[in-house]
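Asker: Have a look at the structure that comes next, please.
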Amino acid sequence: MIKAIVVFFICLVFSLILTCPFGCVSSGDDFHFVDYSYPAPKLCGLKVLSADSLLCTFNKNISFSCYAITDIKKNESLPAKLSFPDSENVCINLLKKTEIGKEYLLSAQVSDTSGNSLMLEVNFSGINDNKASLVLSELRDGYSSKKKECEFIELYVVKAGNTAGLEIYSAYDGEKKLYKMPSLDVKSGDFITIHMRTLMPDENVSEVNGDKTFGRGVDSCKSAFDIWNAGNEAHFGADYDVILLRDSDNGAIYDALCYRKAAKIFAWPKKTCEDALKKAYEAGVWNGENIDSAFNADGLTLTHSIARQNLNKLKNVHYPMKVSASDWIVTENRKAITPGFSNSSKKIKKSI
């Protein structure tokens, strides 16, 4: 009998454990589940304020257990001190300035008031506080593996500075093919050609060292900077696109090229193009907000480019510099494609 009672109570206790797991509190006939877990802190954003300061924003009050800023290329740590503008923001003040466009790593462990911790590693680039003013100058969307020719976009330097922090967005390609400009010191009047594929790896060497004669390859120019994008993917729309020159630090739009082949494109096939054009118009860059304002690119092929015609009017002009379809032409033939040189004014003679 005693043995049966003991077995009964063991079974009863076991059943209560099953029905009232850890984190459950019994009160009479009711069971109330209590959440004893607290989420770890979350990094909401990292903003590079200047060459020697960063701002980290968290979702709650935190403290730093340890931290380090590392120059990735040199594998060297940069000395720094912390300051706390408020409970959720931490300013990291570097005792040595970062270099424009150079890659750095923030490593840290932070904890909240409940003891929950977060290990984080975030890459960032040295801020460019001397950005060059560039405009889109010429574009070819064609590609030939036989001739080693690929899509390119040429930029013209209006004001001297550095190109780090600028990016080229194609609404046809989307954000996944966003091109970020490397750190390059340029002067007013310089041309920069971005070749969108690397077809000859031994010769297609980007001239980020400042030597315009360093790189070689089809469409390169010894009097201009040639930059080759890694990979062999197609870029830009053959029949339509909206190209934006943007600031990656604040999202500002500095220039735009909106084109379509009017004989076959009557409405934007991709909403990204409609959205990009609207943003360019609202930024005061493109002179029109609907597809009718787009440049008519009928005739654009591998043997023709789209070339800007008003570069000589842009010296010492500040952003935004409004551009319209009337500022562009489809060039006459292959000889009129001029990456790295002043643009040709010879128009295509007939639509194709």
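The values are calculated or read from the model by the stated rules, or taken from the named source; none is laboratory data. Only a predicted model underlies this, so the values are computations on that prediction, with no experimental measurement involved. Note: ideal-geometry Cβ built from the backbone for every residue, glycine included; neighbour counts use all protein chains shown. We work out accessible area using only protein heavy atoms, side chains counted, and drop any ligands, DNA or RNA first. Shrake-Rupley method; radii C 1.70, N 1.55, O 1.52, S 1.80 Å.
Asker: Could you run through the range 210-227 and say how many residues are of a type in the set (S, T, Y) and exposed (fewer than 15 other Cβ atoms within 10 Å of the Cβ)?
Answerer: Initially, the range 210-227 is screened for residues of a type in the set (S, T, Y), giving 213, 220, 223.
Next cut, exposed (fewer than 15 other Cβ atoms within 10 Å of the Cβ) only: 213, 223.
Here the count works out to 2.
Asker: Only one of A263, A230 is part of a loop (DSSP other than H, G, I, E, B), touching a residue at least 40 places away in the same chain (Cβ under 8 Å) and open to solvent by 30 Å² or more (accessible area, probe 1.4 Å); which?
Answerer: That would be A263, the only listed residue that is part of a loop (DSSP other than H, G, I, E, B), touching a residue at least 40 places away in the same chain (Cβ under 8 Å) and open to solvent by 30 Å² or more (accessible area, probe 1.4 Å).
Asker: Still on this structure, I have one more. Out of everything in the range 113-151 that is of a type in the set (V, I, T) and in contact with a Ser or Thr (Cβ under 9 Å, 6 or more places away or on another chain), what residue ends up being modelled with the lowest pLDDT? Spell out the reasoning first.
Answerer: Initial filter on the range 113-151 (of a type in the set (V, I, T)): 113, 122, 127, 135.
From what is left, the residues that are in contact with a Ser or Thr (Cβ under 9 Å, 6 or more places away or on another chain) are 113, 122, 127.
Values: T113: 88, V122: 94, I127: 91.
Only one residue tops the list, namely T113.
Asker: In the range 184-209, which residue that is assigned to a strand (DSSP E or B) and closer than 19 Å to F341 by Cβ is most open to solvent (accessible area, probe 1.4 Å)?
Answerer: The residue in question is F191.
Asker: Of all residues being among the small types (G, A, S) and under 18 Å from P79 (Cα atoms) in the range 107-138, which is nearest to the chain's Cα centre (by Cα)? Just the residue, please.
Answerer: Of everything passing the filter in the range 107-138, S125 is nearest to the chain's Cα centre (by Cα).
Asker: Have a look at A280, A276, A297 and point out the one that is of a type in the set (A, V, I, L, M), in contact (Cβ under 8 Å) with a residue 12 or more places away in the chain and within 28 Å of K349 (Cα to Cα).
Answerer: A297
Asker: Something else about it: Whether any residue in the range 312-333 is over 17 Å from L136 (Cα atoms) and buried (at least 17 other Cβ atoms within 10 Å of the Cβ) is what I want to check.
Answerer: In the first step, residues of the range 312-333 are kept if they are over 17 Å from L136 (Cα atoms); the result is 332-333.
Checking which are buried (at least 17 other Cβ atoms within 10 Å of the Cβ) leaves us with 332.
The answer is yes; a qualifying residue exists.
Asker: Further question on the same structure: Could you check the range 288-301 and list, in sequence order, the residues that are closer than 26 Å to D190 by Cβ and either in contact with a Gly (Cβ under 6 Å, 6 or more places away or on another chain) or open to solvent by 10 Å² or more (accessible area, probe 1.4 Å) (or both)?
Answerer: If the condition is that a residue be closer than 26 Å to D190 by Cβ and either in contact with a Gly (Cβ under 6 Å, 6 or more places away or on another chain) or open to solvent by 10 Å² or more (accessible area, probe 1.4 Å) (or both), then F295 is the only one that fits.
Asker: Right, something else. Tally up the residues in the range 110-127 that are among the hydrophobic types (A, V, I, L, M, F, W, C) and either open to solvent by 60 Å² or more (accessible area, probe 1.4 Å) or without any contact (Cβ under 8 Å) to a residue 40 or more places away in the chain (or both), please. Spell out how you get there, then give the answer.
Answerer: Initial filter on the range 110-127 (among the hydrophobic types (A, V, I, L, M, F, W, C)): 110, 118-120, 122, 124, 127.
Within this subset, residues satisfying the condition of being either open to solvent by 60 Å² or more (accessible area, probe 1.4 Å) or without any contact (Cβ under 8 Å) to a residue 40 or more places away in the chain (or both) are 119.
The qualifying residues number 1.
Asker: Pairs, please: C-beta under 9 Å, at least 6 apart or cross-chain, first residue free of Cβ contacts under 8 Å to residues at least 12 places away in the same chain and more than 16 Å from S111 (Cα to Cα) and in the range 40-66, second surrounded by 14 or more Cβ atoms within 10 Å (Cβ to Cβ) and polar (S, T, N, Q)?
Answerer: Taking only residues 6 or more apart or on different chains, the pairs are K47/T57.
Asker: Of the residues N250, N162, only one is over 28 Å from A263 (Cα atoms), of a type outside the set (S, T, Y) and either open to solvent by less than 40 Å² (accessible area, probe 1.4 Å) or in contact (Cβ under 8 Å) with a residue 60 or more places away in the chain (or both); which?
Answerer: N162
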